[in-house]
1. Report relative contact order for the chain in percent, whole number only (criteria: Cα-Cα under 8 Å, sequence separation at least 6).
2. Give me the distance between the Cα centres of the range 258-285 and the range 77-131, rounded to whole Å.
3. Modelling each spin label as a point 7 Å along the Cα-to-Cβ direction, I'd like the residue 42/residue 286 distance in nm, to one decimal.
4. How much FRET efficiency would the formula 1/(1 + (r/R0)^6) give for residue 242 and residue 352, where r is the Cβ-Cβ distance and R0 is 35 Å, rounded to 0.05?
5. Rank by packing, highest mean first: peptides 124-130, 60-66, 293-299, with packing defined as the count of other Cβ atoms within 10 Å averaged across residues.
6. Which residues does a label at residue 17 reach in the range 237-266, if reach means a backbone N under 16 Å from a point 7 Å past the Cα toward the Cβ?
7. What ranking do 203, 111 get, fewest neighbouring Cβ atoms within 10 angstrom at the top?
8. Taking R0 as 45 Å, what FRET efficiency do you get between residue 259 and residue 5 from their Cβ-Cβ distance, rounded to the nearest 0.05?
Ligand SMILES: *Cc1c(COP(=O)(O)O)cnc(C)c1O
């Protein structure tokens, strides 16, 4: 028996999440992972590393609670929001029997988290405008045992913000039978549209957040789950004992202080402006068919030949994210919003492609 055959059958059959880092590619400009182009420096106190950290460092919870306008008991901190997605799936779905529901094209980790745990994935295509199709979701829920629905708002990669009425309809429909998770990884780029205010109305609503995007701390690995205290307690039964390293807790706490939040939101405004001017300019190119309106720090663009554009840019040292093989996204490429200088270079390269 080979070592591969020794592994669980479902693991043998898995394809790991194709993260930007795993796909790789060498270039000068990386606009493939929705990272923030700017970093902020934080100081560390390394005199405490002989001790284990708290599972849920209090200072991090209270800093995030203050930022989100919630109580610390409504918050869980985890190793990125990816860990939270995995915990939600494992805490609420029975392997082999129950499923999650997603509306692709959307973030890839929901189905990976389910599949690695032997949990099924029900896929319900969204409407033409990329909003969830409530009738189709209800029909699918009648046929399956769905315990967790994942909506991503702003959606990665389309940039769509979920319609509040649709979300309410789904929350009411799923009351007492399933959780509705709204992944707000990019919500700082359109803060007004957070659904955090709905937590007090719907106990089955869960929101995931991260410091990886607007806060520019993807390398830190720090994410948050916002939900009813009862849900948080359940997740904390499943989480590892020490998910948050001491230096991570220090940096996260500093990043959430009001003075730093000001810097973060100034940069958010700057990136939004860069995105909007970039979108206007790119829309004028002859080989651009559609620029999706985006509420995130990225722009999804449909080209006449997306693969060719992607390869051309790569040859020019600019690494983007190709979505050509994803449902409804033929010829689409996602471009992270970088600095103004980087976006100028993207446009320059594209003008060369046009010739
Ligand atoms: C980037 C991203 C995440 C990952 O967040 P981490 O906190 O870095 O794990 C989660 N959801 C979506 C939609 C993302 O695009």
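No lab work stands behind these numbers, since they all come straight from the coordinates. The shown structure was predicted, so the numbers you read here are calculated from the model rather than taken from an experiment. Using ideal geometry, Cβ is built from the backbone for each residue, glycine included, and neighbour counts are taken over all protein chains shown.
1. Relative contact order, the chain: 22 percent.
2. If we compute the Cα centre of each part, the gap is 30 Å.
3. About 4.9 nm separates the two model spin labels.
4. Plugging the Cβ-Cβ distance into 1/(1 + (r/R0)^6) gives 0.10.
5. Packing order, densest peptide first, comes out as 293-299, 60-66, 124-130.
6. Only 240 pass the distance filter.
7. Least crowded to most crowded, the residues run 203, 111.
8. 0.20
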